[in-house]
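> Take this structure first; my questions come after.
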Amino acid sequence: MHIRHVFAVSSLAIALPFTPVPAQSTVPEPLKWSFSLGVDPTHLDLHTSDPGVDARMVANLTRSWQSPGSRFARHISLMMGADAPRRINPSSDPQCDYCWQSISRRYAGLTAGASYDLFTASRFTPYLTGGTGIYYATFGQAPRFGVVTTSQLAWYPNGFYQNGFSVGGNAGLGIKARFGSRELFIEQMLHAFDIGRLTEGVYPLNIGIRF
């Protein structure tokens, strides 16, 4: 997809929640905030062979707009996350102290989109959600003891630190339950950081509250 087309689609999606309600609507849209925490089930191993744990965690702050009685909602969301710090030894020599690397990953996303309530059973409502936006990701790998030999440079083909912006998309399935003026929800999300490479991203299972 040409970069200007991707930019146009992303800009439209981010601007969508700010589109005013048509004048003929007499019922104001309530503004809702939600906060959630999540962990990626595909990156969760508390008993790795290397020092540290394999855990990918995210936090989300979302503002949504949904008219009373409507199944559709619009939202704009800020996601931030990171992998738990880890150390790995890419060499074939487990006794090589200077071969250890410290690995770190961090990412953020500013996205906009919509959700659709499938049906309501008692106070529980399952829903679908999706959107697009701009993502930022960083990846760092550094020698554990600050020393790299000539032979070890092959382990750093892209240098010690990479970062960049990309246009991506997200989709998910969730269920929410109303308790008075609050809603609790749980949702499985898929964030693809790059539309052209859908396998690169995070897939958090989020639990949160909407107020």
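> Which one is modelled with the highest pLDDT among residues in segment 89-121 that are more than 30 Å from Val167 (Cα to Cα) and either touching a helix residue (DSSP H, G or I) at 6+ places or on another chain (Cβ under 7 Å) or of a type in the set (Phe, Trp, Tyr) (or both)? Outline the logic, then answer.
Here is the first cut: in segment 89-121, the ones more than 30 Å from Val167 (Cα to Cα) are 89-100, 119-121.
Going one step further and asking which of them are either touching a helix residue (DSSP H, G or I) at 6+ places or on another chain (Cβ under 7 Å) or of a type in the set (Phe, Trp, Tyr) (or both), we end up with 89-91, 93, 98-100, 119.
Values: Asn89: 81, Pro90: 83, Ser91: 83, Asp93: 80, Tyr98: 76, Cys99: 83, Trp100: 86, Phe119: 94.
Filtering first and then ranking leaves Phe119.
> Which one of Arg144, Arg106, Arg182 is under 20 Å from Ser77 (Cβ atoms) and in contact with a Ser or Thr (Cβ under 6 Å, 6 or more places away or on another chain)? Full working, then the answer.
Working: Arg144 fails: under 20 Å from Ser77 (Cβ atoms); Arg182 fails: in contact with a Ser or Thr (Cβ under 6 Å, 6 or more places away or on another chain).
It is Arg106.
> Exactly one condition in (1) open to solvent by 80 Å² or more (accessible area, probe 1.4 Å); (2) outside any loop (DSSP other than H, G, I, E, B) is not met by Tyr127; state its number.
Of everything listed in (1) open to solvent by 80 Å² or more (accessible area, probe 1.4 Å); (2) outside any loop (DSSP other than H, G, I, E, B), Tyr127 misses just condition (1).
> Just checking, how many residues over segment 142-155 are open to solvent by 20 Å² or more (accessible area, probe 1.4 Å) and either of a type outside the set (Val, Ile, Thr) or touching a residue at least 60 places away in the same chain (Cβ under 8 Å) (or both)? First the steps, then the outcome.
Here is the first cut: in segment 142-155, the residues open to solvent by 20 Å² or more (accessible area, probe 1.4 Å) are 142-151, 153-155.
With the extra rule that they be either of a type outside the set (Val, Ile, Thr) or touching a residue at least 60 places away in the same chain (Cβ under 8 Å) (or both), the set shrinks to 142-146, 151, 153-155.
Counting residues in segment 142-155 that are open to solvent by 20 Å² or more (accessible area, probe 1.4 Å) and either of a type outside the set (Val, Ile, Thr) or touching a residue at least 60 places away in the same chain (Cβ under 8 Å) (or both) gives 9.
> Ok, one more. Among the residues that make up segment 67-79, is at least one of them among the aliphatic types (A, V, I, L, M) and more than 16 Å from His191 (Cβ to Cβ)? Step through it out loud before you land on a result.
Step one: list which residues in segment 67-79 are among the aliphatic types (A, V, I, L, M), which gives 73, 76, 78-79.
Retained after the next criterion (residues that are more than 16 Å from His191 (Cβ to Cβ)): 73.
Yes, some residue in segment 67-79 is among the aliphatic types (A, V, I, L, M) and more than 16 Å from His191 (Cβ to Cβ).
> Limited to segment 46-94, what total is found for residues that are hydrophobic (A, V, I, L, M, F, W, C) and either open to solvent by 70 Å² or more (accessible area, probe 1.4 Å) or not in a strand (DSSP E or B) (or both)?
Pass one, segment 46-94, residues hydrophobic (A, V, I, L, M, F, W, C): 46, 53, 55, 57-59, 61, 65, 72-73, 76, 78-80, 82, 84, 88.
Okay, now just the ones that are also either open to solvent by 70 Å² or more (accessible area, probe 1.4 Å) or not in a strand (DSSP E or B) (or both), so 46, 53, 57, 61, 72, 78, 80, 84.
Final tally of qualifying residues: 8.
> Mind checking which residues of segment 35-63 are among the hydroxyl-bearing types (Ser, Thr, Tyr) and in contact with a helix residue (DSSP H, G or I) (Cβ under 8 Å, 6 or more places away or on another chain)? Before the answer, list the steps.
Of all residues in segment 35-63, those among the hydroxyl-bearing types (Ser, Thr, Tyr) come to 36, 42, 48-49, 62.
Passing the criteria: none in range.
> Taking interchain pairs and intrachain pairs at least six residues apart, which have beta carbon atoms under 8 angstrom, with the first residue in segment 166-181 and farther than 25 Å from Ala108 by Cβ and the second open to solvent by 20 Å² or more (accessible area, probe 1.4 Å) and hydrophobic (A, V, I, L, M, F, W, C)?
Ile175/Phe124; Ile175/Ile186; Ala177/Phe124; Ala177/Leu184; Ser181/Phe211
The values are calculated or read from the model by the stated rules, or taken from the named source; none is laboratory data. Here the structure is a predicted model, which is why all the values come from computation and not from measurement. Cβ atoms come from the backbone with ideal geometry, glycine included; neighbour counts cover every protein chain shown. Heavy atoms of the whole protein, side chains included, go into the accessibility calculation; ligands, DNA and RNA do not. Shrake-Rupley method; radii C 1.70, N 1.55, O 1.52, S 1.80 Å.
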